[in-house]
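Asks: Here it is, the structure in full.
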Amino acid sequence: MAPSGAAADLGDWEQVRRQFPLDYSWVHMAQFLMASHPAPVRAAIEAHRRGLDENPALYIEENVGRCEAATRAAAAAYMGCQSDDLAMTDSTTMGLGLFYGGLKLKPGQEILSTRHDHPAATIRSLDHAAARTGASVRRISLYERPSTADRDQMAEALAREIRPATRVVAVTWVHSGTGVRTPIARFAQAVAAANRGRAEQDRAFLCVDGVHGFGVEDETISSLGCDVFAAGCHKWIFGPRGTGVLCASPAAWSLSSPTIPTFDRMWRDGPEMPAAAWMTPGGFHSFEHRWALPEAFRFHQAIGKARVARRIHELNEQCKRGLAKIPRVTVHTPMSSEISAGIICFEVDGRSPEAVVAGLQQRKVIGSVTPRSYDTHLARLSPSLLTSPADVEASLKAVREVA
């Protein structure tokens, strides 16, 4: 930690690491699952918690409008969108479930998705939407072997499958089952091309599960070009646990209806509310966590989005190159940073992924296994901002011993 009262030098990666209360006797290579909170986020959570504990009703009354607006403003500044484009959620799954669950589709229309998406967050949500509306879901493969996937191949595979009946194109930015990073901007171009000449009521919308690129890549909603973007903030963003964002353009919001009544009326001024406000679930949430979220975005902005992206990619390239040199190890994630991000999927000949990860844990390295509901069942290492080059080398040493 930085000394009490002293600002941390976020240009120093070791000081960045020391903003987190992690047990550094372990090598943490699975931070993409659930993040530790950095010092400014912990301080903000504690300040709001103290106020809520001391006088809950008065603290909410005096702070709800200011804090809700500040949370959206900080998220919008980081994402490069407008505050009124954002609905606040608790997770990626909640955001996708809300949008897909409210889809205004009808029989004869279709949802185009892929076989690489998260089995619950995307696949199950789309199946629920199809069952409710009578629309169909069609799933395609963007690549056969993740290690040889390329941007042109993925973009072409998606473009040729968009049909006149396609109203929703549901994709994932970074596949947690393979580590492949998809070319979202290229997908957006393909959807735009398919929409040329279509009536507005027949337009297709590009919807993205963005969680494993969010907080990794130096992108904005505009540079991605998608219509809908959902992500949790408690992974790569290092935000408070149980926070998320759902962003959509005005035209895309019109494709979905609210599921859970909103409480935004309790703090917004004026008779009109943006569509995103209606899509923000009401009820009382863990306000101390949601209202501390701006500190996570400010923490990233203070480090610099471009520096964050470079650091994560450098560490992942170091790890992939090292894994590729180990006998009996196959790296399934592409070696190129253009089509990968912060998740590396690999296997060891003759060892189950569970046995590999258990062996790593015995050597004080935390890895993870892809869920069995994926087609691919692999071990994973995930270097992040909390990883040092020495941690990567320690992880590679552990893999060599396990292999």
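The values are calculated or read from the model by the stated rules, or taken from the named source; none is laboratory data. Source: prediction; values computed, not measured. In this analysis, Cβ positions are derived from the backbone assuming ideal geometry, glycine residues included, and neighbour counts consider all displayed protein chains. When the accessible area is computed, the model is the full protein with side chains, heavy atoms only, and any ligands, DNA or RNA have been set aside. Shrake-Rupley method; radii C 1.70, N 1.55, O 1.52, S 1.80 Å.
Asks: Every residue in region 364-401 that is open to solvent by 30 Å² or more (accessible area, probe 1.4 Å), under 27 Å from Ile140 (Cα atoms) and either part of a helix (DSSP H, G or I) or at pLDDT below 95 (or both), please.
Replies: Pro371, Arg372, Ser373, Asp375, Thr376, His377
Asks: Any residue in region 95-122 that is over 16 Å from Val211 (Cβ atoms) sitting within a Cβ distance under 9 Å of a residue that is acidic (Asp, Glu)? List the pairs, counting only those 6 or more apart or interchain.
Replies: Final answer for the pair search is Gln109/Asp202; Leu112/Glu161; Arg115/Asp375.
Asks: Mind checking whether some residue in region 344-363 is under 19 Å from Trp236 (Cα atoms) and open to solvent by 10 Å² or more (accessible area, probe 1.4 Å)?
Replies: no
Asks: Need pairs with beta-carbon distance below 7 Å; first residue under 30 Å from Tyr59 (Cβ atoms) and within region 246-275, second open to solvent by less than 10 Å² (accessible area, probe 1.4 Å) and of a type in the set (S, T, N, Q); sequence gap 6+ or separate chains.
Replies: Leu246/Thr89; Thr262/Thr280; Asp264/Thr280
Asks: Still on this model: Listed residues Leu126, Leu112, Leu86; which is at pLDDT 95 or above, closer than 23 Å to Ile45 by Cα and surrounded by 19 or more Cβ atoms within 10 Å (Cβ to Cβ)?
Replies: Sole residue among the options that is at pLDDT 95 or above, closer than 23 Å to Ile45 by Cα and surrounded by 19 or more Cβ atoms within 10 Å (Cβ to Cβ): Leu86.
Asks: A further question follows. Failed condition for Glu317, given (1) farther than 30 Å from Gly80 by Cβ; (2) out of contact with any Pro (no Cβ under 7 Å at 6 or more places or on another chain); (3) open to solvent by 10 Å² or more (accessible area, probe 1.4 Å), with all others met?
Replies: (1)
Each row is one residue, and each column tells you yes or no for (1) part of a helix (DSSP H, G or I); (2) among the small types (Gly, Ala, Ser).
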residue	(1), (2)
Pro258	no, no
Thr262	no, no
Trp278	yes, no
Pro281	no, no
Ala296	yes, yes
Leu315	yes, no
Gln318	yes, no
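Asks: Output the residues belonging to region 66-92 that are small (Gly, Ala, Ser) and within 16 Å of Val228 (Cα to Cα).
Replies: Correct list: Ala75, Ala76, Gly80, Ser83, Ala87, Ser91.
Asks: Of the residues in region 188-210, how many are in a loop (DSSP other than H, G, I, E, B) and open to solvent by less than 10 Å² (accessible area, probe 1.4 Å)?
Replies: Looking only at that region, the number is 2.
Asks: Further question on the same structure: Which ones in region 24-58 are within 22 Å of the chain's Cα centre (by Cα), part of a helix (DSSP H, G or I) and not basic (Lys, Arg)?
Replies: Those that are within 22 Å of the chain's Cα centre (by Cα), part of a helix (DSSP H, G or I) and not basic (Lys, Arg): Ala39, Pro40, Val41, Ile45.
Asks: Same structure again: Looking only at region 273-289, which residues are open to solvent by less than 50 Å² (accessible area, probe 1.4 Å) and either of a type in the set (Phe, Trp, Tyr) or within 15 Å of Ser83 (Cα to Cα) (or both)?
Replies: Listed by number, the residues that qualify are Met273, Pro274, Ala275, Ala276, Ala277, Met279, Thr280, Phe287.
Asks: In addition: Can you report the number of residues in region 19-72 which are of a type in the set (A, V, I, L, M, F, W, C), open to solvent by 70 Å² or more (accessible area, probe 1.4 Å) and in contact with a Ser or Thr (Cβ under 8 Å, 6 or more places away or on another chain)?
Replies: Of the residues in that region, 1 qualify.
Asks: Please verify whether Thr182 is open to solvent by 20 Å² or more (accessible area, probe 1.4 Å), in contact (Cβ under 8 Å) with a residue 12 or more places away in the chain, at negative phi and not aromatic (Phe, Trp, Tyr), treating the condition exactly as stated.
Replies: For Thr182, the condition - open to solvent by 20 Å² or more (accessible area, probe 1.4 Å), in contact (Cβ under 8 Å) with a residue 12 or more places away in the chain, at negative phi and not aromatic (Phe, Trp, Tyr) - is not met.
Asks: If you scan region 237-261, which residues turn out to be within 28 Å of Ala35 (Cα to Cα) and either among the hydrophobic types (A, V, I, L, M, F, W, C) or in contact with a Phe, Trp or Tyr (Cβ under 6 Å, 6 or more places away or on another chain) (or both)?
Replies: Ile237, Phe238, Val245, Leu246, Cys247, Ala248, Ile260
Asks: Go through region 227-272 and give me each residue that's farther than 22 Å from Phe299 by Cβ, out of contact with any Gly (no Cβ under 8 Å at 6 or more places or on another chain) and open to solvent by less than 20 Å² (accessible area, probe 1.4 Å).
Replies: Val228, Ala248, Ala252, Trp253, Leu255
Asks: Identify all residues within region 363-397 that are aliphatic (A, V, I, L, M), touching a helix residue (DSSP H, G or I) at 6+ places or on another chain (Cβ under 9 Å) and in contact (Cβ under 8 Å) with a residue 60 or more places away in the chain; write none if there are none.
Replies: Val365, Ile366, Leu378, Leu381, Leu385, Leu386, Val392, Leu396
Condition check ((1) over 30 Å from Pro164 (Cβ atoms); (2) among the hydroxyl-bearing types (Ser, Thr, Tyr)) across all residues:
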| site | (1), (2) |
| --- | --- |
| Asp53 | yes, no |
| Tyr59 | yes, yes |
| Ala87 | no, no |
| Glu110 | no, no |
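Asks: Name every residue in region 129-154 that is open to solvent by 10 Å² or more (accessible area, probe 1.4 Å) and within 17 Å of Val208 (Cβ to Cβ), in order of residue number.
Replies: Result: Val137, Arg139, Ile140, Arg151.
Asks: Take residues that are among the small types (Gly, Ala, Ser) and in contact with a His (Cβ under 6 Å, 6 or more places away or on another chain) and tell me which of the strands (runs of 3 or more DSSP E) falling wholly in region 59-169 contain 1 or more.
Replies: Here the list is empty.
Asks: Would you be able to say whether some residue in region 326-336 is assigned to a helix (DSSP H, G or I) and on the phi < 0 side of the Ramachandran plot?
Replies: Looking through region 326-336, none of the residues is assigned to a helix (DSSP H, G or I) and on the phi < 0 side of the Ramachandran plot.
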